[in-house]
Amino acid sequence: MIEEPYRWVEAIANRAEYIETQLAAGSPIVAVGYRDGILFLTLGPARQKLFEIYDRIAMGAIGHPGDIERLRMAAIELASTEGFTRSAADVSLRRLAHYSLSPLLKTAFEQVYGAPYLARLLFAEIGAKQEGDLFLRLDYDGAIATNSASFGQTRQDFGVLSGTRQSTELMENFLRAEHSTGATFDRALKIALDAWTVGHLALGDGGVKELPARDKILAARKERLRGAGIEAALLERSDKIAIRYRALTEAEIRAPLGD
């Protein structure tokens, strides 16, 4: 009897280590607020990693494609049900994450005889004004991190997601120093690409441990852009359009970069 709690804790630790190993190579995802909305961006293989969830809410994810799809469908179903039974205005990212998705992930993670979700999620919800934008990261164990101000932490107008904690932290440090809320789309695009590059350089055992110099970031970004596809999408702030989410074409992304 005395050994049972220890065995559960050990099993949970082993699960966390296994999941972290599976997610470690995941291509980073960046979401930044800019003058006219929110930009989502990632680079890598052709598999889609950015999705519309409901009206003002979008999601990016890394992990196993099957688990990502299950969580995406769960998020859409929950949001749609809320919108149908109440109204579209009542659908909020906070309710979706705190009362539905987080408990779902936590339960799956802690039931050691079942399979956990091999996924890490980044959500954004666009507000009527920029100060109402919400960025929320949801981990495989149900843990939630947001951009909201708290004791000892100022509000951030961005969110990031990566396969390792080191990569995530360096991306956040870069954006704290370089991102500005009033940025144009062109500026936001370049900053997002640079933040992605920082996160990519930090992955792996030989990854960087501190922010690289600007020239190294620029050189690495140009090298990656030559051989990798870019996936990007917008949540547009304008209330004159019914659909806020819009996937960007390769041409729309490359044009501001001069590529």
## Note on the structure
In this structure, the FRET efficiency calculated for A177 and R35 from their beta-carbon separation, with R0 = 22 Å, to the nearest 0.05, is 0.70
### Query
If the limit is 25 Å between Cα atoms, which of K190/K240; K49/K222; K190/K216; K49/K216; K49/K190 go over it?
K190/K240; K49/K216
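May I ask you to sort T197, T85 by Cβ crowding, counting other Cβ atoms within 10 Å and putting the fewest first? If you can, show how the numbers build up before the last one.
Working: T197 26, T85 8.
Starting with the residue having the fewest Cβ neighbours, the order is T85, T197.
With a 10 Å Cβ neighbour count serving as the proxy for reagent exposure, in which order, fewest first, do D215, D205 appear?
Neighbour counts put them in this order, fewest first: D205, D215.
Residue separation times 0.36 nm, minus the C-alpha to C-alpha distance between R47 and E131: what's the value? Intermediate results must be reported in sequence, preceding the final value.
Details: separation 84, 0.36 × 84 = 30.24 nm, distance 3.21 nm.
That works out to 27.0 nm of additional length.
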## Note on the structure
Per the rule of 0.36 nm per residue minus the C-alpha distance, extending A228 to A11 adds in nm 74.3 nm
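Can you tell me which of 127-134, 7-14, 31-38 comes out highest on packing, and rank the rest after it, using the mean Cβ neighbours within 10 Å? Numbers along the way, then the final one.
Values: 127-134: 14.5, 7-14: 11.6, 31-38: 24.0.
Sorting 127-134, 7-14, 31-38 by mean packing, highest first, produces 31-38, 127-134, 7-14.
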### Query
At 222 nm, what helix-only mean residue ellipticity would the chain give, in deg cm²/dmol to the nearest 500, using -39500 (n - 2.57) for each DSSP H run of four or more?
-13000 deg cm²/dmol
### Query
What FRET efficiency would be calculated for the residue pair A219, I144, taking the C-beta separation as r and a Förster radius of 35 Å, to the nearest 0.05?
0.45
### Message
Let's test the formula: R0 of 22 Å, r as the Cβ-Cβ distance of E77 and Q111. What FRET efficiency results, to the nearest 0.05?
### Response
0.55
### Task
With just the Cα atoms of the stretch 27-257, tell me how far they stretch along each of the three principal axes, in Å, largest first.
52, 48, 39
### Task
Post the alpha-carbon centroid distance, the stretch 177-207 to the stretch 13-90, in whole angstrom.
19
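Throughout, read-outs are computed from the coordinates displayed, never taken from laboratory work. Because the structure is predicted, anything quoted here is derived from the model rather than measured. Here the Cβ is made from the backbone with ideal geometry for all residues, glycine too, and neighbour counts use every protein chain on show.
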